[in-house]
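For reference, the structure is listed below as structure tokens.
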Amino acid sequence: MNKDGGWSPYVAGGLSGLVSIGSVWFVGKYLGASTSFVKTAGMLEKIFSPERVAKMPYFIKETPAIDWQWMVVIGIAIGSFVAAVTSNSFKLQAVPDLWESRFGSAVAPRAMVAFVGGIIAMFGVRLADGCPSGHGLSGGLQLAVSGYVALICFFIGGIISANLLYKGGDKK
Amino acid sequence: MMTLLYGLITGILFGFFLQKGRVLRYDKQIGALLFKDMTIVKFMLSHIAVAMVGVYFLYDMGIAKLSLKPMILGGVVLGGLIFGLGWGLLGYCPGTSLGALGEGRTDAIWGIAGMLVGAGIYAEAYPYLQKTVLTWGNYGKITIPQVLGVNHWLVIVPFIVLTVMLFRWFEKKGL
């Protein structure tokens, strides 16, 4: 065990795989996360224009309501909080270390890039019909062709934009 | 109601292990994309290998059903690449963004807000995409063993052997 309470990623990943097995066994559900963002967006839009949301094909397909996966996503935040607090690794941080070493400690640039990155990422993930959890983990473990094609495309896109951002080494 | 409770428990356990594996960090996610730190790849492949054996065992016993996403070339390839570009900027994926927030990484809030906006934009574009990109190259819900025409264990066993070899290579290279 490391000083920040971290475990080997092999052990933690393997144990999380047991969680997947349990979920499939007892509830018949495979892990995913991104559909919950659609449902939340729909729930928020419903506050302002319920008639419009009721007519939109995508919100008819993905009903904007709290479901199993939505609770999983909330649970991830709680589980992470518990793990962090009990191992003294909870730390409020507005700018990640790697980002700071390259772009400085100002919060606004990081917030802007994270926001824009979030928009692009979610648009792509809904077009692909799954995220690294839904396609990567759940698709991967079922040996789905779509899971592996998606995972490869996720990494190709990510390698391109991360290397564009960090090209030329760090300024440390 | 029980389903929601099961979801919450599943999420808490999953989030706990994600935090313990230190995969909820921007530095780790971008580290993998820069080929400097393979922590997230180790976590993902360990999850996949363990769950693959368990789920296919349950499948053979008739206890579990598969739930496959269709292989639509247009959607999966284009959407996957677009997601990747955004992921490299954000440094969190949809699931890990909530986990990152749970361990105090407040930059995830901007990503979560962006992803909600992105979901709204997608919902607007969906009627158009449904008629175009999402009709390009639909191969249906297929698995690798089906494509190869072999029993799934003939894919699972080599998959695990290759995964272990990859892990040994990561450790040798200090990734």
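Worth a mention:
- Taking all Cα pairs closer than 8 Å and separated by 6 or more residues, the relative contact order of chain B comes to 29 percent.
- Each helix, a run of at least 4 DSSP H residues, gives -39500 (n - 2.57); summed and divided by the residues of chain A, these come to -21500 deg cm²/dmol at 222 nm.
- Per residue, the convex hull volume that the Cα atoms of the protein assembly as shown enclose (Å³): 135
- Note on the range A:1-93: percent of Cα-Cα distances in each 5 Å bin, starting at 0 and stopping at the bin with the largest distance, equals 3, 11, 16, 17, 15, 14, 11, 8, 5, 2, 0.
- Computed E for B:Lys172/B:Tyr59 - FRET, C-beta separation, R0 56 angstrom, nearest 0.05: 0.95
- Of the trypsin sites (Lys or Arg not before Pro) found in the range A:83-169, those that fall in a DSSP loop while having at most 14 other beta-carbon atoms within 10 Å are A:Lys91, A:Lys167.
- Kirkwood estimate for the range A:94-172, i.e. one over the average of 1/r between Cα atoms, Å: 14.1
- For A:Lys55, the aspartates and glutamates whose Cα falls under 17 Å of its own Cα, not counting residues fewer than eight places away in the same chain, are A:Glu45, B:Glu124.
- For the range A:1-79, the list of trypsin sites (Lys or Arg not before Pro) that fall in a loop by DSSP and count at most 15 other C-beta atoms within 10 angstrom reads A:Lys3.
- Restricting the calculation to alpha carbons of the range B:67-142 gives Rg and Dmax of 14.7, 42 angstrom.
- Shielding by other protein chains, A:94-106, mean Cβ within 10 Å: 3
- Averaged over A:84-93, number of beta-carbon atoms from partner chains that fall within 10 Å: 4
- The label-point distance for B:Ser67 and B:Glu124, in a model that sets each label 7 Å from Cα toward Cβ, rounds to 3.1 nm.
- Here the protein assembly as shown is treated with +1 on each Lys and Arg Cβ and -1 on each Asp and Glu Cβ, and its dipole about the Cα centre works out to around 380 debye.
- Rel. contact order, % - alpha carbon contacts under 8 angstrom, at least six apart, chain A: 24
- Take each residue in A:32-43, count the other chain C-beta atoms within 10 Å of its C-beta, and the mean is 6.
- With both labels modelled 7 Å from their Cα along Cα-to-Cβ, the B:Val147 to B:Met1 distance reads 4.5 nm.
- P(r) histogram, all alpha-carbon pairs of chain A included - 5 Å bins from 0, percent: 1, 7, 11, 14, 17, 19, 16, 9, 4, 1, 0
- Bridgeable lysines around B:Lys20 (alpha carbons under 18 Å apart, same-chain partners fewer than 8 residues away excluded): A:Lys3, A:Lys91, B:Lys28, B:Lys42.
- For chain A, a Gaussian network of Cα nodes joined below 10 Å ranks A:Thr35, A:Thr63, A:Thr86 by mean-square fluctuation, and the top entry is A:Thr86.
- Descending Cα extents along the principal axes, chain B, whole Å: 46, 45, 40
Coordinate-derived values only; no laboratory data. Since the model is a prediction, treat every value here as computed from it, not as a measurement. We place every Cβ from the backbone using ideal geometry, glycine too, and count neighbours over all the protein chains shown.
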